[in-house]
Amino acid sequence: MRTFGRGSRTKTPLPLAPARIVVVGGGFGGFHALRRLQKLLEPERVSLTLVAPTDYLLYSPLLPEVATGVLDPRDIAVSIRQTLRRTRTVLGHVSSIDFGERTLRVEGRDGITEIEWDKLILAPGSVTRQFDIPGVAENAHGLKTLSEATFIRNHVLAQLDAADSLPDTPAGRAERIERLTVVAVGAGYTGTEFVAQMQNWVKGIATRWASIDPSDVRWLLVDLAPAVLPELGDKLGKEAMDVLTARGVEIRLEVSVASATATSVTLTDGTVVPSRTLVWGAGVAPSPLIAKLDLPTEKGRLVVEPDMTVAGVPNVWAIGDAAAVPDLALDASKPTPPTAQHAQRQGVQVAKNVAASLGVGESKPYFHKDLGLVADLGGFDGVAKPLGIPLKGPVAKFVARSYHLYALPTAAARVRVATDWLYSTILPTRVVNLDQVRAEDALIAKAQGQ
């Protein structure tokens, strides 16, 4: 066996051939796993391959600001090829995995590719949770990808533009109501931040329309849960609800959607809401890949050990939204919540554990105390709970933006986002409908590859 020379990271002998490490999923978990593997293991020790549908890490917590045009979509898309230079990137979706032969099949634009692996990290992430509700698949749009965020922004603009030019007739007034009503499902982070920031944005660009006042636009936030932002606790959830209510947002709790059409949404309490905009943010579900693997799951997430190994399958680890990693910091009988914060840190730890399996370092169970949660409500409003300390108003807004700048993985991304935030404060809001995404391409199943 070869051994390291000067400047090597470890004295562990080099193998005759590099071990093939394949990571499925380029989200927070997969990206940070590869980033740490590049630091821990030399090119002579491992070859790194990423299988993902896109060649960028999407910083999804800032998608609502893309939807409002505050941020350019490229600001929150971190190039994987430029950042992970030692990693080979294969674009596509994994359709099957043979754990015995250690191969996986990738369906891409140019056909099917088969990839062999010695070590496999599964980090395929999650998709927007859908239910078997008539009309939702055909009419609702999620907010989990750049195409969805871009489409929603242009769609809302188009609806308001069209409403502005309708005639003052019974038919025109009825259509105007449909176009000026936005229904968002899910009072968690996605739905709440979307409604809060979009409502604030529309108010700031009201001079675009001749006959529309911001108060004419109806914003409706619905959820089966009894509270808004339940993850932040009752006090901050009520604070967020008060902020939205003061702005004129209608909040309907303990109800959901019974059916939807292109021009209306029917709620489970029988209310029919005329609307041509339905945004779906009712939670997430593990990647559809997990259901194809024939492995034990817990509420759809892969069952894993505390060190993130998949039980009974050697040389395979799973992390992020698709894995039920025991939450040793709070309650080991429950999995960590599907958040970017956990996925990122699981990625770092799983890289160390994979390296340990190759004789470099020591494998440890995943343990992370949550740093807290933040929600940007647009304007100078926000709610946050850093390290368990409840905050609201401008202070919470500052903490939320500071956290996002800290969490963005590159200095270039931080500069671009901070610059756009500065421009949005001192310059007039850019209001242009670029109409870049077709409606059918922005439907949840198509946009998220379900």
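Every number in this text was worked out from the coordinates using simple rules, so none of it is lab data. Fair warning: this is a prediction, and the values are worked out from it, not measured in the lab. Glycine also receives a Cβ, built like all others from the backbone with ideal geometry; neighbour counts cover every protein chain displayed.
Extending each Cα 7 Å along its Cβ direction at Leu422 and Glu440, get the distance between those two points in nm, one decimal.
That separation, rounded to one decimal, is 4.4 nm.
Quick one: check the C-alpha center-to-center distance for the stretch 275-336 versus the stretch 141-212, whole angstrom.
So the two Cα centres are separated by 34 Å.
Which order do the peptides 152-159, 415-422 take when ranked by the mean count of other beta-carbon atoms within 10 Å per residue, highest first?
152-159, 415-422
What dipole magnitude, in Debye to the nearest 20, does the chain give about its Cα centre under +1 on Lys/Arg Cβ and -1 on Asp/Glu Cβ?
Value, rounded to 20: 1820 debye.
State the extension gain, in nm to one decimal, for the chain segment bounded by Leu387 and Thr261, taking 0.36 nm per residue of separation less the distance between their alpha-carbons.
41.1 nm
Students often forget the sequence filter, so: which lysines lie under 16 Å Cα-Cα from Lys299 once same-chain residues fewer than 8 apart are removed?
Those lysines meeting the cut-off are Lys334.
Looking at the square roots a ≥ b ≥ c of the eigenvalues of the Cα gyration tensor of the stretch 165-215, which shape do they give, rounded for a/c under 1.5, prolate if a/b is larger than b/c, or oblate?
Oblate is the answer for the stretch 165-215, as a/c is 1.5 or above yet b/c matches or exceeds a/b.
Per residue of the stretch 21-28, what does 6.51 cos²θ - 1.76 cosθ + 1.60 with θ = phi - 60° give for ³J(HN,Hα)? Whole Hz please, x for Gly and Pro, Karplus curve as stated.
Going residue by residue, I get 9, 10, 10, 9, x, x, x, 4 Hz, with x marking Gly and Pro.
Using a Förster radius of 41 Å, what is the FRET efficiency between Ser363 and Glu250 based on their Cβ-Cβ separation? Nearest 0.05, please.
Efficiency computed from Cβ-Cβ geometry: 0.20.
Contact order normalised by length for the chain, with contacts defined as Cα pairs under 8 Å and 6 or more residues apart; what percent is it?
Computed over the chain, the figure is 19 percent.
Mind checking the dipole of the stretch 47-199: about its Cα centre, +1 per Lys or Arg Cβ, -1 per Asp or Glu Cβ, Debye to the nearest 20?
My answer is approximately 440 debye.
Assuming R0 = 30 Å, can you tell me the calculated FRET efficiency for the pair Leu371 and Lys292, based on Cβ-Cβ distance, to the nearest 0.05?
It comes out at approximately 0.35.
Ratio of the stretch 278-367's C-alpha Rg to 2.2 N^0.38 Å, to two decimals?
1.11
Using only the Cα atoms of the chain, construct the convex hull and provide its projected area averaged over every direction, in square nanometres to one decimal.
Averaged projected area of the chain's Cα convex hull equals 22.8 nm².
Sorted from largest down, what three extents in whole angstroms do the Cα atoms of the stretch 258-323 have along their principal axes?
Per principal axis, max minus min of the Cα coordinates gives 54, 20, 19 Å.
I'd like the distance between the alpha-carbon centres of the stretch 389-450 and the stretch 6-65, rounded to an integer number of Å.
For the stretch 389-450 versus the stretch 6-65, the Cα centre distance is 26 Å.
Taking the Cα atoms only, what angle lies between the long axis of helix 234-246 and the longest principal axis of the chain, rounded to 10 degrees?
The angle comes out at about 40 degrees.
Can you tell me how the stretch 342-450 classifies by the Cα gyration tensor, rounded, prolate or oblate, using a/c under 1.5 as the rounded cut?
Here the stretch 342-450 falls in the oblate category.
Could you order the peptides 133-146, 181-194, 239-252 from most to least packed, using the average number of other C-beta atoms within 10 Å per residue?
181-194, 133-146, 239-252
Just to verify a number: FRET efficiency for Ser165 and Tyr406, C-beta to C-beta distance, R0 = 30 Å, to 0.05?
Taking R0 as 30 Å, the efficiency between Ser165 and Tyr406 is 0.10.
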